[in-house]
Amino acid sequence: MKILELNQYEDKFLNYCKQFYNSADRNREWFNPNLAYSVVNRYHLYPYWTFLVDDNEDLIAMSCIQTHFFPDSCARVLTRTYYHPNYRRHHLAYEKQKTPAMFMLEKQLEWIDKQNISNVFFSVEYLRRKSSIKKLSIKLNDIYFSDWRVLDDLYQTYPNDEDKNSWQSVCVRNGSSKLPLKSMPVNKWRDYYG
């Protein structure tokens, strides 16, 4: 396995986008060329892409760093994380090993550290998935002796107050207690969005 960047993998990446859009995959709309916000129409907005590939350069997983919609000192890692369907988790033993996301995160953090970005986080869209990022933060802290922490509030990851999915659970690096983004307590979110 190895990590490739966009300039090394762009043509294959775009071919995979077509393939995933034409599949029955649950995330196929991410790759819909008719949607302005799809990966194929916005991938150049993301400053750094990581593609985990096998020895034949077939895709295992991909993700990127997001800086748009955020202050200059802020970046979201593991954005648009997508595992090729052949490499998705099939059993709980997967939780005990180093996952594809972790290989990509290592490279993304190397890039982030060169940019001098102080507010680093990853997020999950659905509140029910908050426990998943708590488990991942523990795993990251144990393996890398780092200080990732899941925050209590929800944070807005794109500017749309009317969209309940714009508010997400976040995990921050270096034990930060907040992010320079709009936030909302979970109980207030539940009251507002039902």
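So, in the range 1-27, how many residues would count as being part of a helix (DSSP H, G or I) and either touching a Cys at 6+ places or on another chain (Cβ under 9 Å) or within 19 Å of residue 44 (Cα to Cα) (or both)?
The total comes to 15.
Here are some residues: 165, 86, 160. Which one is part of a helix (DSSP H, G or I), over 18 Å from the mean Cα position of the chain (by Cα), modelled with pLDDT under 95 and closer than 30 Å to residue 14 by Cβ? It would help to see each step written out before you state the result.
Working: 165 fails: over 18 Å from the mean Cα position of the chain (by Cα); 160 fails: part of a helix (DSSP H, G or I).
Selected residue: 86, the only one of 165, 86, 160 that is part of a helix (DSSP H, G or I), over 18 Å from the mean Cα position of the chain (by Cα), modelled with pLDDT under 95 and closer than 30 Å to residue 14 by Cβ.
Cβ-Cβ distance below 6 Å, separation of 6 or more or different chains: which pairs start in the range 121-133 with a residue that is surrounded by fewer than 15 Cβ atoms within 10 Å (Cβ to Cβ) and end on one that is not acidic (Asp, Glu)?
Within 6 Å, the pairs are 125/165; 125/168.
Could you please find all residues in the range 19-59 being surrounded by fewer than 19 Cβ atoms within 10 Å (Cβ to Cβ) and in contact with a Pro (Cβ under 8 Å, 6 or more places away or on another chain)?
Within the range 19-59, 23, 25, 40, 41 qualify.
So is residue 137 of a type in the set (Ser, Thr, Tyr), in a helix (DSSP H, G or I) and in contact with a Phe, Trp or Tyr (Cβ under 8 Å, 6 or more places away or on another chain) or not?
Considered against the rule, which asks whether it is of a type in the set (Ser, Thr, Tyr), in a helix (DSSP H, G or I) and in contact with a Phe, Trp or Tyr (Cβ under 8 Å, 6 or more places away or on another chain), residue 137 comes out as yes.
How many residues are farther than 16 Å from residue 11 by Cα and either among the polar types (S, T, N, Q) or in a helix (DSSP H, G or I) (or both) if we restrict to the range 40-62?
Selection size over the range 40-62: 1.
Can you tell me which residues in the range 166-194 are among the polar types (S, T, N, Q) and at negative phi?
166, 168, 169, 176, 177, 183, 187
For the range 145-165, state whether one or more residues are among the acidic types (Asp, Glu), in contact with a strand residue (DSSP E or B) (Cβ under 9 Å, 6 or more places away or on another chain) and buried (at least 17 other Cβ atoms within 10 Å of the Cβ).
Taking every residue of the range 145-165 in turn, at least one turns out to be among the acidic types (Asp, Glu), in contact with a strand residue (DSSP E or B) (Cβ under 9 Å, 6 or more places away or on another chain) and buried (at least 17 other Cβ atoms within 10 Å of the Cβ).
Among the candidates 186, 170, which residue alone is in contact with an Asp or Glu (Cβ under 9 Å, 6 or more places away or on another chain), over 20 Å from residue 79 (Cα atoms) and either loosely packed, with under 15 Cβ neighbours inside 10 Å or among the β-branched types (Val, Ile, Thr) (or both)?
Sole residue among the options that is in contact with an Asp or Glu (Cβ under 9 Å, 6 or more places away or on another chain), over 20 Å from residue 79 (Cα atoms) and either loosely packed, with under 15 Cβ neighbours inside 10 Å or among the β-branched types (Val, Ile, Thr) (or both): 186.
In the range 123-162, what residues are touching a helix residue (DSSP H, G or I) at 6+ places or on another chain (Cβ under 7 Å), of a type in the set (Phe, Trp, Tyr) and under 14 Å from residue 173 (Cβ atoms)?
148
The values are calculated or read from the model by the stated rules, or taken from the named source; none is laboratory data. Note that the structure is predicted; figures quoted are calculated from it, not measured. A quick note on method: Cβ atoms are made from the backbone with ideal geometry, for glycine too, and the neighbour counts reach across all protein chains shown.
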